[in-house]
Structures are given as C-alpha cells and as structure tokens.
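Participant: The following block contains the structure, expressed as structure tokens.
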Amino acid sequence: MRTLIALILMLFAAPVLAQSALPPAPYADRQLDDPRLEAKARDLMMTIRCLTCQSQSIADSNASMAGDMRSQIRERIAAGEDPEAIRSWLIERYGDWVSYEPTASPILWPLWAAPVILLALGFWLMRGRIRRRKASS
Amino acid sequence: MSRWAIWLPLGLFLAFFALFASGLLKPDDRVIASKMVGKPIPAFTLPAAASDRPALSSADLATGKPRLLNIFASWCVPCAAEAPQLMALKQAGAEIDAVAIRDARADVDQFLGRWGNPYARIGLDARSSLQIAMGSSGVPETFVIDGKGTIVHQHIGDIRAEDVPTILEKLKEAGR
C-alpha cells in the first residue's frame with residue numbers, strides 16, 4: 001500500500017531536471033486558431049533546426065528553446081509575416097545551419113548538379129551497352 | 001569500354017569509404033557560432049530580472065565603453081560554475097551586464113545570493129526572444145560589446161579560468 005501511495009505521489013512530482021521553471025511560451029504547444037496560418041507555421045517549423053537537439057526540427061523537439069522558437073514563429077506568422085522572411089531572419093543569426101531547406105548558395109551547386117550528372121552518366125553507359133550489343137549481333 | 005573504366009567502381013568505393021571514415025573519426029563539433037558578431041546588437045528593452053539590479057535595454061550597452069553581456073539562467077548548472085570567473089573579470093575592471101533566460105525573479109535572486117552577483121544590470125528574457133535575436137544557441141554565453149553597441153566577440157559555454165585573459169584581451173581591443 002505504501003509503495004502504491006509513493007508511486008501515485010510520484011505522478012504529481014515536478015520533474016527535477018526540468019530545463020526551466022517557467023511554463024512554456026503561449027504558442028509553444030498550442031496551434032494557431034486559423035488552420036491556414038497554422039499550416040504555414042508548421043511547414044516552416046518542420047524545416048528549422050533545433051539548436052539544443054541538433055538532429056531534430058523545432059517542430060519535433062521538446063527543448064525549451066525550441067518551444068520559444070515555435071511560439072515566436074507562430075506569433076510572427078499570425079502577425080502577417082512571410083515564412084521565408086522569418087527563415088532568412090533566422091539564417092542571418094545562426095547561418096544556413098539553422099534551416100533544413102537547401103539554399104542556392106555556391107557550396108550547394110554540386111548537390112543540385114548531381115542528378116543531372118548522374119542521369120547523363122547513366123545514358124552514356126546505356127548507349128555503350130546498346131552499341132556493343134548491336135555490334136555483336 | 002576502355003580499360004580504366006573497370007577501376008571506376010572501386011575508385012568510387014574508396015572515395016566514399018574515405019569520406020565516411022573521415023566523418024566518423026573527426027570529433028563532433030556542435031558549437032553554433034552566432035552570425036551577429038560584427039553587427040550592432042538588436043534593439044531591445046527587457047524588464048529587471050533581479051530585485052536589486054536595474055533593467056537592461058540595448059541603449060545601456062552603447063555607453064562609449066566596452067562591456068560584457070553574459071547570458072545565463074538560474075536553472076543552468078554551468079552558469080554557476082562560471083560565477084568565480086565572472087567575479088575575476090569584474091575585479092579586473094570589466095563591466096558586466098546580464099540577461100537571464102526563461103527565469104523568474106525569485107530564482108534569480110536566490111541564484112545570485114548563492115553564487116555572487118558580478119552584474120551591473122540584469123534583464124529578464126522570459127521567452128528567449130533576445131537570445132534568438134542575438135544568434136545565441138544556449139546558456140551560458142558571453143558577448144563582448146564595444147562602446148558603440150556592436151557585438152565584437154562571442155564566448156560559447158562557461159568561462160573557464162584559462163578563458164579569462166582572452167576575454168579581457170577582447171575587451172581591451174574593443175576599447176581601442
């Protein structure tokens with residue numbers, strides 16, 4: 001019985017290792033009332049990288065800083081700001097690192113060129129094969 | 001097909017192998033430096049975070065004399081660890097302002113009572129908005145701000161004893 005009471009009490013204990021005593025920011029875990037604006041905010045949040053849990057987007061992360069970023073993004077989108085403007089505002093502060101969306105900067109040109117180059121290579125190999133088969137038959 | 005092309009797959013394999021091996025062996029670097037270094041500090045006004053220190057706004061950081069801006073929080077363990085180094089910086093003549101992230105006044109008062117208070121002004125950033133605007137990625141961090149309000153240096157993580165001379169040097173450079 002005593003164990004049971006202790007277990008039940010544990011349910012109400014505040015997490016000892018919580019990152020902050022403050023409640024989360026107003027829109028950290030609350031959707032915007034307008035579904036169109038919420039969809040815009042969600043699309044942006046899915047492609048912004050969390051600074052605390054660096055392999056997660058802020059939409060997926062439980063870090064309190066990610067919560068503050070979500071709240072700020074939702075509030076700014078509700079105020080009529082363009083998602084791409086918010087993205088570039090963040091990139092100005094944290095660098096390209098913070099966005100999961102590849103940009104057109106010169107360092108990424110090989111990435112954009114890779115599909116074209118690989119396709120061309122494939123066609124070239126295929127042409128060689130077809131020619132050889134014709135020659136042998 | 002020419003002869004050398006036979007070696008192409010092996011060559012590609014070795015190139016990728018070398019790429020992945022170097023990625024695995026290289027130590028992980030998770031530090032994200034702020035891109036705001038060299039730019040003016042964003043305009044802000046924050047309420048006071050502690051009972052016995054005034055509030056902080058961007059105008060307080062452009063007084064003609066270089067200052068340190070320490071980003072800390074009462075819930076942050078490394079922030080307590082760097083307290084003696086901040087005291088040493090203050091004793092060496094540095095003027096330090098602070099921003100408490102996601103904090104409450106009672107907690108800040110308790111933290112400063114326990115670990116010492118080297119700060120002139122402390123602003124409360126309850127929603128991390130200044131932290132995000134400055135490109136800071138965590139607590140603690142320390143920025144060197146020159147007399148005109150431009151960010152000239154960012155120290156990420158707690159200040160260790162061996163970092164104190166570097167920060168004093170950056171402050172001196174900012175004053176020139």
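The values are calculated or read from the model by the stated rules, or taken from the named source; none is laboratory data. From a predicted model like this one, the values you see are computed outputs, not experimental measurements. Here Cβ is always computed from backbone atoms with ideal geometry, including for glycine, and neighbour counts include all displayed protein chains. The protein model used for the area step is the full one, side chains on, heavy atoms only, and it has no ligands, DNA or RNA in it. Shrake-Rupley method; radii C 1.70, N 1.55, O 1.52, S 1.80 Å.
Participant: In this structure, does B:Q110 turn out to be within 18 Å of B:I156 (Cβ to Cβ), assigned to a helix (DSSP H, G or I) and out of contact with any Gly (no Cβ under 9 Å at 6 or more places or on another chain)?
Facilitator: It is false that B:Q110 is within 18 Å of B:I156 (Cβ to Cβ), assigned to a helix (DSSP H, G or I) and out of contact with any Gly (no Cβ under 9 Å at 6 or more places or on another chain).
Participant: Look at A:S55 and say whether it is assigned to a loop (DSSP other than H, G, I, E, B), exposed (fewer than 14 other Cβ atoms within 10 Å of the Cβ), within 12 Å of chain B (Cβ to nearest Cβ) and under 19 Å from the mean Cα position of the chain (by Cα).
Facilitator: So A:S55 fits the description; yes.
Participant: A further question follows. What about B:I71, is it of a type outside the set (D, E, K, R) and away from chain A (no Cβ under 14 Å)?
Facilitator: no
Participant: Of the conditions (1) within 19 Å of B:S57 (Cα to Cα); (2) over 13 Å from the mean Cα position of the chain (by Cα); (3) polar (S, T, N, Q), B:Q131 clears all except one; give me its number.
Facilitator: (2)
Participant: Go through region A:59-76 and report how many residues are assigned to a loop (DSSP other than H, G, I, E, B) and either more than 11 Å from every other protein chain (Cβ to nearest Cβ) or in contact with a Phe, Trp or Tyr (Cβ under 6 Å, 6 or more places away or on another chain) (or both).
Facilitator: 4
Participant: Could you list, in sequence order, the residues of region B:133-144 that are within 10 Å of chain A (Cβ to nearest Cβ) and either closer than 22 Å to B:L89 by Cβ or crowded, with 22+ Cβ neighbours inside 10 Å (or both)?
Facilitator: Result: B:M134, B:G135, B:S136, B:S137, B:G138, B:V139.
Participant: So which of A:A41, A:A135 is assigned to a helix (DSSP H, G or I), of a type in the set (G, A, S), more than 29 Å from B:G38 (Cβ to Cβ) and open to solvent by 80 Å² or more (accessible area, probe 1.4 Å)?
Facilitator: Sole residue among the options that is assigned to a helix (DSSP H, G or I), of a type in the set (G, A, S), more than 29 Å from B:G38 (Cβ to Cβ) and open to solvent by 80 Å² or more (accessible area, probe 1.4 Å): A:A135.
Participant: Among the residues of region A:92-112, count how many are among the aliphatic types (A, V, I, L, M), open to solvent by less than 90 Å² (accessible area, probe 1.4 Å) and either more than 9 Å from every other protein chain (Cβ to nearest Cβ) or out of contact with any strand residue (DSSP E or B) (no Cβ under 6 Å at 6 or more places or on another chain) (or both).
Facilitator: Matching residues across region A:92-112 total 2.
Participant: Considering each residue of region B:70-107, count those that are open to solvent by 30 Å² or more (accessible area, probe 1.4 Å), in a loop (DSSP other than H, G, I, E, B) and hydrophobic (A, V, I, L, M, F, W, C), and give that number.
Facilitator: 3
Participant: If we scan region B:123-131, do we find a residue that is surrounded by fewer than 22 Cβ atoms within 10 Å (Cβ to Cβ), more than 14 Å from chain A (Cβ to nearest Cβ), touching a helix residue (DSSP H, G or I) at 6+ places or on another chain (Cβ under 8 Å) and within 27 Å of A:A66 (Cβ to Cβ)?
Facilitator: The answer is no, given that none of the residues of region B:123-131 is surrounded by fewer than 22 Cβ atoms within 10 Å (Cβ to Cβ), more than 14 Å from chain A (Cβ to nearest Cβ), touching a helix residue (DSSP H, G or I) at 6+ places or on another chain (Cβ under 8 Å) and within 27 Å of A:A66 (Cβ to Cβ).
Participant: Restricting the search to region A:37-52, which residues are β-branched (V, I, T) and within 10 Å of chain B (Cβ to nearest Cβ)?
Facilitator: A:T52
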